[in-house]
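See below for the structure under consideration.
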Amino acid sequence: MLVQKISDGTVIDHITAGKALSVLRLLGDPQARGDTVALVMNVSSSKMKRKDIVKVEGVEISEEQVQKLALIAPQASVNIIRSYRVVDKKNAVPPKLLSGVLNCNNPTCVSVKENDSVSPIFSLAEISPLSYQCKYCGRKLGEQDILSQLG
């Protein structure tokens with residue numbers, strides 16, 4: 001399989017197999033904007049056994065998007081490409097604290113009841129499998145809860 005190099009844009013590698021489409025949605029559906037997208041799914045990887053890769057021509061993802069990417073694909077690496085060269089490389093690392101990114105799914109949580117005045121705050125509970133715990137009520141959000149809110 002041959003995927004051509006991109007001149008300028010972003011390559012996201014080491015995405016957990018099967019999560020590339022969630023990554024595309026996180027990027028705002030670049031193919032709908034007319035950006036060139038290469039999507040490679042479920043390929044062999046010495047590091048992860050199976051992985052996905054996303055290449056998007058003409059798009060450089062923001063630091064905020066990298067943080068959200070870490071919630072979908074915590075092992076991902078992000079390469080920013082300019083003139084066919086990698087000019088910046090970042091690893092998607094799940095942040096220890098999240099504020100205003102996720103919502104608590106406990107209907108009695110103060111962040112749900114008082115959503116106008118109380119911003120949801122979560123702390124990292126576990127890396128694998130990924131989960132976050134609400135600061136206010138203690139409810140944990142697992143990978144599926146996170147994916148349903150972000151992807």
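Charged side chains reduced to their Cβ positions (Lys and Arg at +1, Asp and Glu at -1) give the stretch 82-123 a dipole of some 440 debye around its Cα centre.
The modelled label-to-label distance between E64 and K113, using points 7 Å beyond Cα along the C-beta direction, is 3.0 nm.
Start at zero, step by 5 Å, and the Cα-Cα distances of the stretch 1-71 spread as 4, 16, 29, 25, 18, 7, 1 percent across the bins. Evaluated with a Cβ-only charge set (Lys, Arg +1; Asp, Glu -1), the chain carries a dipole of roughly 480 debye about its Cα centre, given to the nearest 20. Dipole orientation for the chain: of the candidates C109, L150, S7, S7 has the Cα lying most toward the positive pole (charges on Cβ; Lys, Arg +1; Asp, Glu -1). Think of the chain as having a plus end and a minus end, set by charges on the Cβ of Lys, Arg, Asp and Glu; of S44, V54, L130, S44 sits farthest toward the positive end of this dipole.
Within straight-line reach of K113, meaning a Cα separation under 21 Å, sit the following lysines at least 8 residues removed in sequence or on another chain: K135, K140.
Counting only protein heavy atoms and a 1.4 Å probe, the chain has 56 square angstrom of accessible area per residue.
Working from the Cα coordinates of the chain, the gyration tensor eigenvalues give, after taking √(5λ), semi-axes of 31, 16, 13 Å in decreasing order.
Solvent-accessible area of the stretch 1-117 (1.4 angstrom probe, protein heavy atoms only): carbon and sulfur portion equals 48 percent.
The values are calculated or read from the model by the stated rules, or taken from the named source; none is laboratory data. Here the structure is a predicted model, which means the values were calculated and not measured. All Cβ positions, glycine included, derive from the backbone under ideal geometry; neighbour counts span all protein chains shown. Protein only, heavy atoms only, side chains kept; ligands, DNA and RNA dropped before computing areas. Shrake-Rupley method; radii C 1.70, N 1.55, O 1.52, S 1.80 Å.
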